[in-house]
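Chemist: Please find one structure pasted underneath; my questions will follow.
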Amino acid sequence: MFDFKPTEDIISMSEFRTTLADCVARTAETHRPIILTQNGRATSVFLNAVDWEIICQKLHDAETYEGFLISEGQSQRGEVKSHEQVKRM
């Protein structure tokens, strides 16, 4: 999904603080996340809001599809209840 460029997309927290406006513009333009480091270790990811929405939608779609597959398997195994059975419950 992302064309990650470590030389451009990994920056320290202190650099991020001083270049925040540039980071916002860069993620909007490139659609690549920025990995933030603190004390030399990756700690956070800065991502454009549009890309975050896309990721959330894809996760939702995957969960919906997984739920469908589970339901389909239950149906094939006869593990379903009729509408009347559910109403009685």
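The values are calculated or read from the model by the stated rules, or taken from the named source; none is laboratory data. From a predicted model like this one, the values you see are computed outputs, not experimental measurements. Note: ideal-geometry Cβ built from the backbone for every residue, glycine included; neighbour counts use all protein chains shown. Keep in mind that these areas ignore ligands, DNA and RNA; they rest on the heavy atoms of the full protein, side chains included. Shrake-Rupley method; radii C 1.70, N 1.55, O 1.52, S 1.80 Å.
Chemist: Show the residues, 5+ positions off or on another chain, whose built amide H is closer than 5 Å to the amide H of S44.
Modeler: The list, which skips near neighbours in sequence, is L36.
Chemist: Treating only the Cβ of Lys, Arg, Asp and Glu as charged (+1, +1, -1, -1), what charge dipole size does the chain show about its Cα centre? Round to the nearest 20 debye.
Modeler: Working: 10 positive and 14 negative charges, 74 e Å.
Magnitude of the dipole: close to 360 debye.
Chemist: Summing -39500 (n - 2.57) over the DSSP H runs of n ≥ 4 in the chain and dividing by its residue number, what mean residue ellipticity at 222 nm do you reach, to the nearest 500 deg cm²/dmol? Before the final figure, lay out each step's value.
Modeler: Numbers: 5 runs with 55 residues, N = 89.
Only helices count here, giving -18500 deg cm²/dmol.
Chemist: Round to a whole number: what % of the accessible area of the chain belongs to carbon and sulfur, probe 1.4 Å? Please report the intermediate quantities before stating the final value.
Modeler: Values: 3870 of 6990 Å².
It is 55 percent, rounded to a whole number.
Chemist: Computed from the coordinates I sent, Kirkwood radius over Cα pairs in Å equals one of (1) 16.5; (2) 12.5; (3) 13.4. Tell me the label.
Modeler: Computed from the coordinates, Kirkwood radius over Cα pairs in Å corresponds to (1).
Chemist: Further, regarding this structure: Given the C-alpha centroids of the range 1-42 and the range 68-89, what is the distance between them in whole angstrom?
Modeler: 48 Å
Chemist: If you don't mind, another one. What is the local net charge at T43, summed over the other residues whose Cβ is closer than 15 Å to its Cβ (Lys, Arg +1; Asp, Glu -1)? Walk me through the intermediate numbers first.
Modeler: Details: positive: R17, R41; negative: D9, E15.
Around T43, the charge tally is 0.
Chemist: Quick check for you: with a 1.4 Å probe and neighbouring chains kept, what is the accessible area per residue of the chain, in Å²? Write down the numbers at each step before the final one.
Modeler: Working: 6990 Å² over 89 residues.
Averaged over the residues of the chain, the accessible area is 79 Å².
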